[in-house]
Amino acid sequence: MLLERKTAVLHGAGGPIGGAVARAFAREGARVFLTGRTREPLDAVATDIRSRGGTADIGVLDALDESDVDAFVDDIAAEAGSVDVSFNLIGFGDVQQPLMEIDVEDFTRPVTTLLRSHFLTTRAAARHMVRRGSGVVLAFGGGGPHTLPNLGGLKVAFDALEGLRRQWACELGPHGVRVITVKTGGIPESIPTEFEGREAIEAQIVAHTLLRRAATLEDVGNAAVFAASDMAAAVTAADINITCGSVMD
């Protein structure tokens with residue numbers, strides 16, 4: 001098992017992507033700590049993990065709250081003895097509209113939400129990782145040179161997140177801590193079935209790929225397991241591209 005005896009903290013673990021990663025981590029032997037602002041979806045993920053023989057704990061907190069994040073991660077380190085993996089998968093409330101039409105608050109919200117939450121969750125985990133001389137920080141999203149119209153602040157936020165990832169990797173690398181982004185071109189499975197226009201969005205995602213398919217939740221979980229494991233020990237300051245060819249590096 002690739003993550004045996006590892007302790008992993010997943011922020012935003014109640015969502016479909018966070019839940020998939022949490023299940024994959026637990027399947028590979030990690031003890032997972034699931035966080036989010038609402039308990040019910042966290043309970044569902046934790047129950048599923050435990051039913052399969054995994055170990056999952058829950059913490060209800062806001063990843064934008066500095067004191068909550070610090071206290072929760074400190075408690076994990078004290079109880080489990082280490083924080084080996086930190087993965088931020090929180091939603092960020094983006095509104096996708098043309099820049100000429102979008103409200104300034106709607107434009108800046110994903111940028112400030114992503115940067116603040118990733119800064120806080122990474123710093124909280126890194127304090128403990130640096131002491132041990134090892135650890136992995138994972139982000140979800142990813143930027144790149146290409147974009148599409150009418151995304152509002154979404155792509156800008158992802159690009160800003162990549163800048164933050166590079167900065168953390170530069171400063172944490174000498175302490176043995178790796179920082180990686182898992183980059184997708186969109187996960188149709190994560191879109192609610194009742195969401196208006198879901199089929200059109202999925203078709204657009206697939207149309208931009210080279211493999212003529214979109215990444216699945218299972219793909220995300222498997223990529224995250226690899227990134228967090230010792231098999232990726234030489235990988236940092238990079239993204240793992242699972243866009244099925246929609247974004248070429």
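Values for this structure:
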quantity: Residue list for the range 78-115, filter: out of contact with any helix residue (DSSP H, G or I) (no Cβ under 9 Å at 6 or more places or on another chain) and either in contact (Cβ under 8 Å) with a residue 60 or more places away in the chain or under 18 Å from R165 (Cα atoms) (or both); calculated: A80, G81
quantity: Residue that is most open to solvent (accessible area, probe 1.4 Å), among those in the range 86-108 that are more than 29 Å from A228 (Cα to Cα) and not hydrophobic (A, V, I, L, M, F, W, C); calculated: E101
quantity: Test result for A56, among the aliphatic types (A, V, I, L, M), under 29 Å from G133 (Cβ atoms) and either open to solvent by 50 Å² or more (accessible area, probe 1.4 Å) or outside any helix (DSSP H, G or I) (or both); calculated: yes
quantity: Index of the failed condition, G173 passing every other in (1) buried (at least 18 other Cβ atoms within 10 Å of the Cβ); (2) within 22 Å of A125 (Cα to Cα); calculated: (1)
quantity: Criterion (of a type outside the set (A, V, I, L, M) and modelled with pLDDT under 95) met by exactly one of G12, G59, G36, G91; calculated: G91
quantity: Among (1) touching a residue at least 40 places away in the same chain (Cβ under 8 Å); (2) within 19 Å of the chain's Cα centre (by Cα) - the single one H175 does not satisfy; calculated: (2)
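The values are calculated or read from the model by the stated rules, or taken from the named source; none is laboratory data. Please read these numbers as outputs of a predicted model, since none were measured by experiment. Don't worry about glycine lacking a Cβ; one is built from the backbone with ideal geometry, like all the others, and counts go over all protein chains shown. Quick note on the areas: whole protein, heavy atoms, side chains included, nothing else; ligands and nucleic acids left out. Shrake-Rupley method; radii C 1.70, N 1.55, O 1.52, S 1.80 Å.
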